[in-house]
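J.: Mind looking over this structure? Questions follow.
The values are calculated or read from the model by the stated rules, or taken from the named source; none is laboratory data. Every value quoted in this text rests on a predicted model; they were computed, and no experiment measured them. For neighbour counting, all protein chains shown are included, and Cβ atoms are generated from backbone atoms with ideal geometry for every residue, glycine included.
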Ligand SMILES: [Zn+2]
């Protein structure tokens, strides 16, 4: 995620996260009344309402893994109503008499393996009771038919959905999926996606990956998108409205698809196009640095509404127009494309690992600036290091465990980038490069944690780095300057 400077001070996430913590009580309340957790040979048969992330106890679910989402939604900008018919396919990891999906819109029917199932809603949880229990290891295909006005749904004080004058945008981190499709909404369970978006004819509907085709019938158009590489639920997006789409192939042969809201101010539109046109060049630069680009498609979407951030949606980041209101901005393109390696190919196992995303994305901006003949990475590091004295509150946030309210606070980005640079000073920048490449490509399509990253850095550098990472990630004080 990239945050516009104007929004950096007002931490909108704070309010969100505070209410998300209230989810603990709800999660506990959902255990069977009066039932002690089974012990011994008696195995639990109810899937848990959370995947086990201490920052967001309600996010994701337990008892199964999803392999594929077949998302089908229709959106009518006139009524702002979304109707959905989505099939999720996965496998039970335990016996399941009952399990949850995350969905804030109301379901009208649910089938499990072709049989109608009972269901009820509790907050963002859709609680499903299949007619017959699922066996451990059994394939499960869950079809949910649902509808609602996402704009009207606030859950625990959170409403990540954005409407625009001619449509809407589903984009957000860490939450958005529950506002448009039922899911196991946590980055630790990635899956492939087919997304069909139906809109009134004359509008466009955008998502991740490859555009398979557009089916037009009865005044409607269905835009069919496919993502063959596993993707975290928060990285899936949908944008509905009037967009100018630009498709082609970059000089190095990468297929791209960009889209610009037709109602953009002409000056912003021009700056956005000039910046996003460089996505191919940026991708080539990042591939030279961090290894092969992990996906097939590239692109960018600029919406008509300022929603306060840009997000690294897999293969096709979505940008607020504010990023281009003062002219061209390649840094934000570098940031969001660097996340395709750090965040999208290898995804955080738990949300507290967020510095692995934001630190490497911000450090990649430093590398790009250096490559373009601006400040060197040393100069950028020094600027932050010298600017923030030992007493500055900048150092108070241990970015390796920043807390759910501070996932996207400035220090996670800037101290994160400094940590990456300092690691290069410590082990050598060639070794840092190898660590980064191994990290992405060994874990591609999967997830990783800070502890796993530290273990890899120690292995590839042949150094013990416990004290280094304690100082840079887990201390509330200014770390010693790295040796030069
Ligand atoms: Zn970011």
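J.: Could you identify the single residue in 32, 49 that is modelled with pLDDT under 50 and part of a loop (DSSP other than H, G, I, E, B)?
T.: 32
J.: Return yes or no: is residue 328 assigned to a loop (DSSP other than H, G, I, E, B) and either farther than 25 Å from residue 166 by Cβ or more than 14 Å from the ligand (Cβ to nearest atom) (or both)?
T.: Yes; evaluated as a whole, the condition is true for this residue.
Residue-by-condition table, conditions (1) assigned to a helix (DSSP H, G or I); (2) at pLDDT below 95; (3) within 11 Å of the ligand (Cβ to nearest atom):
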residue	(1), (2), (3)
310	no, no, yes
314	no, no, no
322	yes, no, no
358	yes, no, yes
367	yes, no, no
374	no, no, no
378	yes, no, no
385	yes, no, no
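J.: On the basis of being part of a helix (DSSP H, G or I) and either under 22 Å from the mean Cα position of the chain (by Cα) or in contact (Cβ under 8 Å) with a residue 24 or more places away in the chain (or both), does residue 394 make the cut?
T.: no
J.: Going by the conditions given, is residue 355 in contact with a helix residue (DSSP H, G or I) (Cβ under 9 Å, 6 or more places away or on another chain), over 22 Å from residue 225 (Cα atoms), buried (at least 24 other Cβ atoms within 10 Å of the Cβ) and not assigned by TED's automatic domain parsing to the domain that holds residue 230?
T.: So residue 355 fits the description; yes.
This table checks each residue for (1) in the same structural domain as residue 99 (by TED's automatic domain parsing); (2) farther than 15 Å from residue 80 by Cα; (3) crowded, with 20+ Cβ neighbours inside 10 Å.
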residue	(1), (2), (3)
149	yes, no, no
167	yes, no, yes
179	yes, no, yes
182	yes, yes, yes
196	yes, yes, yes
199	yes, no, yes
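J.: Within the range 404-415, can one find any residue that is more than 23 Å from residue 332 (Cβ to Cβ), more than 16 Å from the ligand (Cβ to nearest atom) and in contact (Cβ under 8 Å) with a residue 40 or more places away in the chain?
T.: For the range 404-415, residues more than 23 Å from residue 332 (Cβ to Cβ), more than 16 Å from the ligand (Cβ to nearest atom) and in contact (Cβ under 8 Å) with a residue 40 or more places away in the chain: present.
J.: Could I ask something else about it? Take the conditions buried (at least 21 other Cβ atoms within 10 Å of the Cβ), more than 15 Å from the ligand (Cβ to nearest atom) and part of a loop (DSSP other than H, G, I, E, B) and apply them to residue 283. Does it pass?
T.: no
J.: Quick check, is residue 275 touching a helix residue (DSSP H, G or I) at 6+ places or on another chain (Cβ under 8 Å) and either away from the ligand (no atom under 16 Å from the Cβ) or not assigned by TED's automatic domain parsing to the domain that holds residue 167 (or both)?
T.: Criteria met by residue 275.
J.: In the range 314-331, how many residues are surrounded by 24 or more Cβ atoms within 10 Å (Cβ to Cβ) and either within 18 Å of residue 191 (Cα to Cα) or in contact with a helix residue (DSSP H, G or I) (Cβ under 6 Å, 6 or more places away or on another chain) (or both)?
T.: Selection size over the range 314-331: 6.
J.: Something else: Please state which one of 291, 343 is out of contact with any strand residue (DSSP E or B) (no Cβ under 7 Å at 6 or more places or on another chain), within 13 Å of the ligand (Cβ to nearest atom) and farther than 23 Å from residue 168 by Cα.
T.: Residue meeting the stated conditions: 343.
J.: Quick one: is residue 360 in contact with a strand residue (DSSP E or B) (Cβ under 8 Å, 6 or more places away or on another chain) and under 22 Å from residue 458 (Cβ atoms)?
T.: Judged against the criteria, residue 360 is a match.
J.: In addition: Can you tell me how many residues within the range 184-194 are buried (at least 24 other Cβ atoms within 10 Å of the Cβ) and either outside any loop (DSSP other than H, G, I, E, B) or in the same structural domain as residue 445 (by TED's automatic domain parsing) (or both)?
T.: The total comes to 1.
J.: Suppose we filter the range 294-308 for residues that are within 15 Å of the ligand (Cβ to nearest atom), assigned to a loop (DSSP other than H, G, I, E, B) and touching a helix residue (DSSP H, G or I) at 6+ places or on another chain (Cβ under 7 Å); how many remain?
T.: Here the count works out to 1.
J.: Then there's this: Mind telling me which of the residues 456, 367 ends up being closer than 22 Å to residue 336 by Cβ and under 25 Å from the mean Cα position of the chain (by Cα)?
T.: Going through 456, 367 in turn, the sole match is 367.
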